[in-house]
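The values are calculated or read from the model by the stated rules, or taken from the named source; none is laboratory data. Since this is a predicted model, take the numbers as computed values, not measurements. Methodologically, a virtual Cβ is constructed for each residue, glycine included, from the backbone with ideal geometry; neighbour enumeration extends over all protein chains shown.
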Amino acid sequence: MLFEQDLLELAVSLAHAAGDMALAGRKQGLQNIVTKSTATDMVTEFDKACEVLITDGIRRARPSDGIVGEEGARQESASGITWHIDPIDGTTNFFFDLPTWAVSIAAVDHDGSLVGVVYIPALNETFTAIRHQGAFLNGQPISVRKNPLLSDALVCTGFSYSAQKRVVQAQRIPIIIEQVRDLRRFGAAAIDLCFVACGRFDAYFEENLMSWDLAAGQLIATEAGAIVTDFSGNTVHPSEVLASQPHIHHELSALILRASK
């Protein structure tokens, strides 16, 4: 337990340092913005600076650990622990000065995510979890919403950076929105998963994520009582994620599959 707590404290410290640096920098204005997979898939100077800050901190504290970072950081693990880092999840929100962007850090072992931290600087909210020890928001325990009705469920989703894929994904919406309370699209997977964990959303689903999008938020949602699977209810993988409170999971899974045909 002390080992896991040490990992959590390291992750929280680095997430806060990186997130606070990015928040201060955003208030002063952005200077260096480039794109990756599409013209809307942006990277700012703070995505890169935050990843350097986090990876340097990990290497100093735990030089034998592996690292997988969104902005290219890679290091093989000699310890059995690999850190999955999204220095700014929700870069588009960050660019437009919306508050829903986060620093996401997870320590992963051979059984999956062991420790997860998602820090939302603009909201001053830190979501944390250690495997089998519950989930927390600013140190207070959290749990999923207890709602048995799909018709009363607030559901969040996400869309691809590719315009063509967004068109296909959007074709599901008329079928799904008729059966739920409403839909939301916040644009940051780690935050969406944490908002399921604390009951702000009943469910979240998305495709084509990466390990750094999922590793911390999945653990936090699971520890808060969510079921996290692929759309069919099988083992979750970054390419297909459905996280929901237990009462509606089976029914929502079936609805998403029906809407995807």
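Residues in region 107-118 that are surrounded by 21 or more Cβ atoms within 10 Å (Cβ to Cβ) and over 17 Å from Val196 (Cβ atoms): Ala107, Val108, Leu114, Val115. Could you tell me whether any residue of region 219-229 is surrounded by fewer than 19 Cβ atoms within 10 Å (Cβ to Cβ) and either in a loop (DSSP other than H, G, I, E, B) or out of contact with any helix residue (DSSP H, G or I) (no Cβ under 9 Å at 6 or more places or on another chain) (or both)? Checked region 219-229: at least one residue is surrounded by fewer than 19 Cβ atoms within 10 Å (Cβ to Cβ) and either in a loop (DSSP other than H, G, I, E, B) or out of contact with any helix residue (DSSP H, G or I) (no Cβ under 9 Å at 6 or more places or on another chain) (or both). Counting only residues that are of a type in the set (Asp, Glu) and exposed (fewer than 15 other Cβ atoms within 10 Å of the Cβ), region 119-155 holds 1 of them. Among residues of region 1-23 that are touching a residue at least 24 places away in the same chain (Cβ under 8 Å), those with a beta-carbon under 7 Å from a residue that is among the hydroxyl-bearing types (Ser, Thr, Tyr) and crowded, with 16+ Cβ neighbours inside 10 Å at least six positions away or on a different chain give the pairs Leu8/Thr128; Val12/Thr126; Val12/Thr128; Ala15/Tyr119; His16/Tyr119; Gly19/Tyr119.
Val196: assigned to a loop (DSSP other than H, G, I, E, B), assigned by TED's automatic domain parsing to the domain that holds Ser239 and either free of Cβ contacts under 8 Å to residues at least 12 places away in the same chain or among the hydrophobic types (A, V, I, L, M, F, W, C) (or both), yes or no? Considered against the rule, which asks whether it is assigned to a loop (DSSP other than H, G, I, E, B), assigned by TED's automatic domain parsing to the domain that holds Ser239 and either free of Cβ contacts under 8 Å to residues at least 12 places away in the same chain or among the hydrophobic types (A, V, I, L, M, F, W, C) (or both), Val196 comes out as no.
Identify, please: which residue in region 61-75 is assigned to a loop (DSSP other than H, G, I, E, B) and under 16 Å from Ala215 (Cβ atoms) and is, among those, modelled with the highest pLDDT? Of everything passing the filter in region 61-75, Asp65 is modelled with the highest pLDDT.
Residues in region 167-183 that are assigned to a helix (DSSP H, G or I) and either surrounded by fewer than 16 Cβ atoms within 10 Å (Cβ to Cβ) or touching a residue at least 40 places away in the same chain (Cβ under 8 Å) (or both): Val167, Val168, Ala170, Ile173, Pro174, Ile175, Ile176, Ile177. Here Leu123 fulfils each of the conditions (1) in contact with a helix residue (DSSP H, G or I) (Cβ under 8 Å, 6 or more places away or on another chain); (2) at pLDDT 95 or above apart from (1). The residues on offer are Ala78, Ala106, and the sole one that is within 23 Å of Leu2 (Cβ to Cβ), touching a Ser or Thr at 6+ places or on another chain (Cβ under 9 Å) and part of a strand (DSSP E or B) is Ala106. Just to be sure I understand, how many residues within region 152-166 are part of a helix (DSSP H, G or I) and either within 14 Å of Gln245 (Cβ to Cβ) or not assigned by TED's automatic domain parsing to the domain that holds Ile248 (or both)? Residues meeting the conditions: 1.
Residues considered: Phe205, Phe201, Phe231. Of these, the only one that is within 21 Å of Ile173 (Cβ to Cβ), outside the structural domain of Ala129 (by TED's automatic domain parsing) and without any contact (Cβ under 8 Å) to a residue 40 or more places away in the chain is Phe231.
Just to be sure before I move on: is Asp111 under 30 Å from Leu2 (Cβ atoms) and free of Cβ contacts under 8 Å to residues at least 24 places away in the same chain in the structure I sent? When the stated conditions are applied, Asp111 passes them.
From the residues in region 199-218 that are of a type in the set (A, V, I, L, M, F, W, C) and in a helix (DSSP H, G or I), which one is farthest from Ser162 (Cα to Cα)? Taking the candidates together, the pick is Ala216.
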